[in-house]
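Report on the following structure.
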Amino acid sequence: ALWDLAARKAGVPLHALLGARRQSIEAYASLPYYETLPEYMNAVERYAGLGYARFKFHVWGDIQKDIRLVQAVQQAYAGSSFRFMMDLEGVYDYKDALRLGKQMDAGLFLWLEAPIDDTLLTEYGHLRDALDVLLIPAGYNVYSPEFIRSAIGAGAWDAARFDATVVGGISDALRLLVVANAAGMPVDIQSWGHSLAQAANLHLMLANERTLYFESPMPKPAFEFGMHNGDLLQGGRVVAPDRPGLGIMVDPDALE
């Protein structure tokens with residue numbers, strides 16, 4: 001809120017106050033959990049119609065079913081321009097994480113997210129040595145600079161991951177970015193949430209050149225409710241509001 005006020009006082013969007021040199025970022029469709037494999041495959045086609053070419057699966061956490069999804073995706077989209085991520089929310093043990101990761105084509109899957117608990121830094125390091133696909137954490141723990149440094153020292157991740165609305169706000173997120181950037185580590189800043197949370201993280205990621213993608217939670221309208229300008233997607237990219245501050249306009253009548 002204070003950063004929003006400061007940017008409004010300066011009369012500029014927050015990302016400009018943070019020193020951003022870009023106005024937009026490529027987005028990927030973050031798919032909800034589905035019960036069946038065909039639902040996941042159909043969702044890819046449905047959201048590709050909105051302009052997305054990157055897709056994240058939140059999967060079952062069942063090694064046999066998750067492997068079948070990986071195989072189906074690789075069979076259907078080999079040679080395509082689509083790319084994918086898989087998020088396991090930390091439910092696997094090391095053995096199953098290794099088994100699934102070995103099945104994933106690193107040319108088609110951009111990363112494997114949270115295969116095991118974030119705090120298992122030594123195990124993450126072993127997985128990273130053994131797999132071709134990139135590894136990133138879940139990022140829902142309240143991280144500290146010390147924890148990020150520990151992960152860097154352990155060679156645990158290919159990118160850090162956190163949400164400004166979870167770690168304590170824009171100021172604390174900037175401190176974490178300083179640590180990661182000093183080590184040359186990319187940061188996949190989270191943006192899964194309502195439009196206001198999306199905007200706070202969007203301004204931050206526009207100011208960080210090592211953040212490559214914006215996570216757009218699906219279905220889009222559910223996360224844009226109660227806002228006049230919550231839809232930030234334009235041609236597969238998310239574009240920052242040009243109004244001062246966070247730039248999102250609340251619709252009080254809809255909320256009422």
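The values are calculated or read from the model by the stated rules, or taken from the named source; none is laboratory data. Values in this document were obtained by computation on a predicted structure and should not be read as measured data. Ideal geometry is used to build each Cβ from the backbone, glycine not excepted, and the neighbour counts take in all protein chains shown. When the accessible area is computed, the model is the full protein with side chains, heavy atoms only, and any ligands, DNA or RNA have been set aside. Shrake-Rupley method; radii C 1.70, N 1.55, O 1.52, S 1.80 Å.
Rundown of residues vs (1) touching a residue at least 24 places away in the same chain (Cβ under 8 Å); (2) closer than 25 Å to A199 by Cβ; (3) out of contact with any helix residue (DSSP H, G or I) (no Cβ under 9 Å at 6 or more places or on another chain); (4) of a type in the set (A, V, I, L, M, F, W, C), yes/no style:
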position	(1), (2), (3), (4)
A1	no, yes, yes, yes
A7	yes, yes, no, yes
L18	yes, yes, no, yes
S24	yes, yes, no, no
M85	yes, yes, yes, yes
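Would region 196-218 turn up any residue that is of a type in the set (A, V, I, L, M, F, W, C), surrounded by 18 or more Cβ atoms within 10 Å (Cβ to Cβ), more than 15 Å from the chain's Cα centre (by Cα) and not in a helix (DSSP H, G or I)? Before you say what the answer is, go through the steps one by one.
Let us first name the residues in region 196-218 that are of a type in the set (A, V, I, L, M, F, W, C), namely 196-197, 199-200, 202, 204-207, 212, 214, 218.
Then keep just the ones that are surrounded by 18 or more Cβ atoms within 10 Å (Cβ to Cβ); that gives 197, 199-200, 202, 204-207, 214, 218.
If we keep only those that are more than 15 Å from the chain's Cα centre (by Cα) as well, we get 207.
From what is left, the residues that are not in a helix (DSSP H, G or I) are 207.
For region 196-218, residues of a type in the set (A, V, I, L, M, F, W, C), surrounded by 18 or more Cβ atoms within 10 Å (Cβ to Cβ), more than 15 Å from the chain's Cα centre (by Cα) and not in a helix (DSSP H, G or I): present.
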Filter region 24-49 down to the residues that are more than 18 Å from the chain's Cα centre (by Cα) and part of a loop (DSSP other than H, G, I, E, B), then identify the one that is farthest from F223 (Cα to Cα). T36
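Rundown of residues vs (1) more than 19 Å from A138 (Cα to Cα); (2) of a type outside the set (F, W, Y), yes/no style:
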| site | (1), (2) |
| --- | --- |
| L176 | no, yes |
| D188 | no, yes |
| N201 | no, yes |
| Y213 | no, no |
| K220 | yes, yes |
| L246 | yes, yes |
| V250 | yes, yes |
Looking for whichever is out of contact with any strand residue (DSSP E or B) (no Cβ under 6 Å at 6 or more places or on another chain) and farther than 18 Å from G247 by Cα here; the options are D188, D172, D158. Which one fits? D172
Can you tell me which residue in region 118-142 is nearest to V73 (Cα to Cα), limited to those that are part of a loop (DSSP other than H, G, I, E, B), in contact (Cβ under 8 Å) with a residue 24 or more places away in the chain and open to solvent by 70 Å² or more (accessible area, probe 1.4 Å)? D132
Looking at region 6-15, is at least one residue under 19 Å from S191 (Cβ atoms), in contact with a Phe, Trp or Tyr (Cβ under 9 Å, 6 or more places away or on another chain) and either open to solvent by 80 Å² or more (accessible area, probe 1.4 Å) or modelled with pLDDT of 95 or more (or both)? yes
Take the residues in region 205-235 that are in contact (Cβ under 8 Å) with a residue 12 or more places away in the chain and small (G, A, S), then tell me which one is farthest from A16 (Cα to Cα). G226
Name every residue in region 52-82 that is in contact (Cβ under 8 Å) with a residue 12 or more places away in the chain, open to solvent by 60 Å² or more (accessible area, probe 1.4 Å) and not in a helix (DSSP H, G or I), in order of residue number. A78, S81
Across region 143-177, the tally of residues that are among the aromatic types (F, W, Y) and open to solvent by 60 Å² or more (accessible area, probe 1.4 Å) stands at 0
